[in-house]
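Engineer: Have a look at this one before I ask anything.
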Amino acid sequence: MYHELEIPGRPLCHPEPGYARYAVRENEFREQMQHLKILGYQGVSVSQALEFAARSRVALTFDDGCETDLFAAAPVLRQAGFNATFYITAGWLGQPGQLSAEQLIELSRQRFEIGCHGQSHAYLTDLDDRALRRETGDAKASLEQIIGKPVEHFSCPGGRYNDRVAKAAREAGFRTVATSHIEANSRGTDLFALGRVAIFRGLPIKSFAGICTAEALPRLRASGGIRDAAKQILGSSLYDRVRNVLLRGRD
Ligand SMILES: [Zn+2]
């Protein structure tokens, strides 16, 4: 799970340390894709991954719909012969640092898979039924209208997920929901609760390899468990504020 990539000399979409932590540098990303090739893995979209055709596949996803999807990620992926799924926040199109509708069409034209990351990036677990429909069904329809293709996969903003969210995504016509639960997916995985692993800036390449082979996942899950507990105790927005204070001054 990637987000915005950092290009030298270009400011990130958001200055908060909690956000920057997710912004992998362009050169780190290039190195990671080269490493996937060396390990014998193929980077694929979510739809391709669901074929479970070969073990040596890693699904690559990008959340939010930043313009670095097209400027930084897509060229590296094309060069490697990889595909990926880009989950777009429909209501953010055209905002500073985000893809425009034209750029989204170009990304889709390059045969990358387009998924949906909600309408406004609201945390879905906080919403009533009507707002939930807007963030799933309406966002899906507006993205489909722009690219002229079905949008079949959904990822949860902020990783906020529960059974209601899964149900709303199913009713909106999505085939899958990607969460932020640290899991390797297999044929037996619930398609409306796909696991993912966030790639953070500054991740050592050895740790990246451990994520791709799934060997590092139990350890990552253990530290994620502590984070999830803090989220529940503090509530979503307070958790974000506390995290930003704690991360300030760190890379
Ligand atoms: Zn997001």
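Engineer: Could you work out the equivalent-ellipsoid semi-axes for the chain, taking the square root of 5 times each eigenvalue of the Cα gyration tensor, largest first, in whole Å? Write out the running numbers ahead of the final one.
Structural biologist: Details: eigenvalues 109, 99, 80 Å².
Equivalent ellipsoid of the chain: 23, 22, 20 Å, largest first.
Engineer: Give the value in nm², to one decimal: projected area of the alpha carbon convex hull of the range 95-198, averaged over all directions.
Structural biologist: On the way: hull surface 28.0 nm².
Projected over every direction and averaged, the Cα hull of the range 95-198 covers 7.0 nm².
Engineer: Sticking with this one: Placing +1 on the Cβ of each Lys and Arg and -1 on the Cβ of each Asp and Glu in the range 1-148, which of W92, A20, A72 has its Cα farthest towards the positive end of the resulting dipole?
Structural biologist: So the residue we want is A72.
Engineer: List every residue whose amide H lies under 5 Å from the amide H of C66, counting only residues 5 or more places away in sequence or on a different chain, with H placed 1.01 Å from N in the peptide plane.
Structural biologist: Amide H neighbours of C66, under 5 Å, 5+ apart: L99.
Engineer: To continue, here is another question. Using C-alpha positions alone, give me the convex hull volume of the range 56-142 per residue in cubic angstrom.
Structural biologist: Numbers: hull volume 8.6 nm³, N = 87.
So the per-residue hull volume is 99 Å³.
Engineer: Shifting gears a bit: Antiparallel versus total DSSP beta bridges in the chain: what percent is that, nearest 5? Please list the in-between numbers first.
Structural biologist: Working: 1 of 18 bridges.
Here the antiparallel bridges make up roughly 5 percent for the chain.
Engineer: Among 12-18, 80-86, how do they line up from the highest to the lowest mean number of other beta-carbon atoms within 10 Å?
Structural biologist: Details: 12-18: 15.1, 80-86: 20.7.
Descending packing order for the listed peptides: 80-86, 12-18.
Engineer: As a test of understanding, state the convex hull volume per residue of the range 1-137 from its alpha carbons, in Å³.
Structural biologist: Working: hull volume 17.2 nm³, N = 137.
Cα convex hull per residue, to the nearest whole number: 125 Å³.
None of the figures in this text is laboratory data; all of them are computed from the coordinates on show. Computed from a predicted model, the values in this text were never measured in an experiment. Here Cβ is always computed from backbone atoms with ideal geometry, including for glycine, and neighbour counts include all displayed protein chains.
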